[in-house]
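**Q** Starting off with a structure, shown below.
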Ligand code: BES
Ligand code: ZN
Ligand code: ZN
């Protein structure tokens, strides 16, 4: 879609007319009938025809508290009706705030996502133009909304992609292409380099697959100083079979989405570069396929890691924490960022705890926790803090190695995983772990099967914006 700004609305042509809940009076001057059977409830719409036979879509914005998810109402309208639109449609944006306009563009752009990328016959839609009428100058927000929506769609396509195509190397190629398009640096460490540098935990997880592991390092550093403000580390398991501790086959195909954390990291660095934010940011993606093979690492193995700490493998399905351990160690040793955030579809435990409504948040830094929590409410990508009490730590004790990767108990799984990661952060003061297993992939009204949600792009980009120089 193309997004444009016009000063005034042409009421003789098609337009979308946003309306707050129970505020039909506020838009009365643009209506063609007295009573439109519409009350402005969130994510509802009503088609009226204007004097020229032009379409007027009344669009419900709902109550103020629903503004955080405003993209949803625009997304639904476009998803269901855009096939009837003319080449240009207008949005009456005079009463919309900048934040509302940005969210509207994100929603309209999200409706352009084509989930059937691998169908032999693809639906082809012409690019349409959406023209926002407002007396204010809004080109910057339109651009920000477009870039955000585009990046969300790109990372959704990655998460939804099949695991035979989306190999670790494919993620590396994706990052390189993005880096050259959005003007940032990207290095892909392949197998030989990982061996040389000692990414032992990443290598162990990837041992059972012909699709060899990679570590991707993306860097957007526009500032004069070399100091890195934020490092993001993402779990990039392109398929999680569980390894020799194999998973049951029900819903196993959904484990193609086990690189949701990596997708957020790749997407955020791309978006931050496109928005040209004044911040130094580095993304680290540790990517491997957790496969079953004679070469696979085993339960009982003791493996090494980038940090030099040895790990006893109790369960090869607890592989995400292993690849992240190396990513975090690399970040604290070489990047030394001010803020260190990792994102991962890490545990089934967090899904059982928080369901599909919030990511599990783990940190010892309460300032960071409250900043992230507030942003989560603002953009409707919520987080909920879970404990990291000292007492839980004994669960990671191993008799024969420095620590083990699973307690063997069906308790506090998300916390155990977070505390395992913590052992590789060198007590970094501004470290946060987000377990996005429940929110990154799931059911939606836009597909029959589970699919990628795009969760995390707005949350982390807003956090980065908050830390960027104004
Ligand atoms: N990739 C899974 C976690 C997951 C579960 C993501 C559901 C998305 C939806 C992870 O690698 C895993 O298998 N975790 C195990 C750990 C256990 C063996 C210690 C889990 O949570 O059951
Ligand atoms: Zn697993
Ligand atoms: Zn996994």
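**Q** Over all directions, the average projected area of the alpha-carbon convex hull for the range 127-190 comes to how many nm²?
**A** Projected over every direction and averaged, the Cα hull of the range 127-190 covers 6.2 nm².
**Q** Quote to one decimal, in nm, the extra length available between residue 183 and residue 448 on full extension: 0.36 nm per residue of separation minus the C-alpha distance between them.
**A** Full extension from residue 183 to residue 448 adds 91.7 nm.
**Q** Nearest 10 degrees is fine. How inclined is helix 413-422 to the longest principal axis of the chain, computing both from alpha carbons?
**A** 70 degrees
**Q** Hey, what's the Kirkwood Rh for the range 337-434 if you take every pair of different alpha carbons, in angstrom?
**A** 14.1 Å
**Q** A follow-up question, please. Within 10 Å of each residue's Cβ, count the other Cβ atoms and sort 167, 32 from fewest upward.
**A** Going from least to most buried by this count: 32, 167.
**Q** Measure nothing fancy, just the Cα-based angle from helix 70-81's long axis to the longest principal axis of the chain, in degrees from 0 to 90, nearest 10.
**A** For 70-81 against the chain, the angle is about 70 degrees.
**Q** Given a Förster distance of 56 Å, report the FRET efficiency between residue 51 and residue 276 from their Cβ-Cβ distance, rounded to the nearest 0.05.
**A** The calculated FRET efficiency here is 0.80.
**Q** What is the order of 357, 219, fewest Cβ neighbours within 10 Å to most?
**A** 357, 219
**Q** Once the Cα atoms of helix 320-330 and of the chain are each reduced to a long axis, what angle between those two axes, in degrees from 0 to 90 to the nearest 10, is obtained?
**A** The two axes meet at around 80 degrees.
**Q** Could you tell me what a quarter of the Cα convex hull surface of the range 40-82 works out to, in nm² with one decimal place?
**A** With the hull built on Cα positions only, its mean projection is 3.1 nm².
**Q** Quick one: 186, 286, fewest Cβ neighbours within 10 Å first, how do they rank?
**A** Fewest-to-most ranking of 186, 286: 186, 286.
**Q** Between the range 282-360 and the range 256-273, what's the alpha-carbon centroid distance in Å?
**A** That distance is 16 Å.
**Q** Please report the projected area of the range 2-136's Cα convex hull averaged over all directions, in nm².
**A** Mean projected area for the range 2-136: 8.3 nm², to one decimal.
**Q** Calculated from DSSP H runs of 4 or more alone, at -39500 (n - 2.57) each and per residue, what is the 222 nm mean residue ellipticity of the chain, nearest 500?
**A** It comes out at -9500 deg cm²/dmol, rounded to the nearest 500.
**Q** For residue 176 and residue 34, what does the FRET efficiency come to when R0 = 51 Å and r is the distance between their Cβ atoms, rounded to the nearest 0.05?
**A** For R0 = 51 Å, the calculated efficiency reads 0.30.
Read-outs throughout are calculated quantities, based only on the coordinates presented, and are distinct from any laboratory measurement. Note that the coordinates shown come from a computational prediction; the quantities given were computed from them, not determined experimentally. Positions of Cβ are generated from backbone atoms using ideal geometry, with glycine treated the same way; all protein chains shown enter the neighbour counts.
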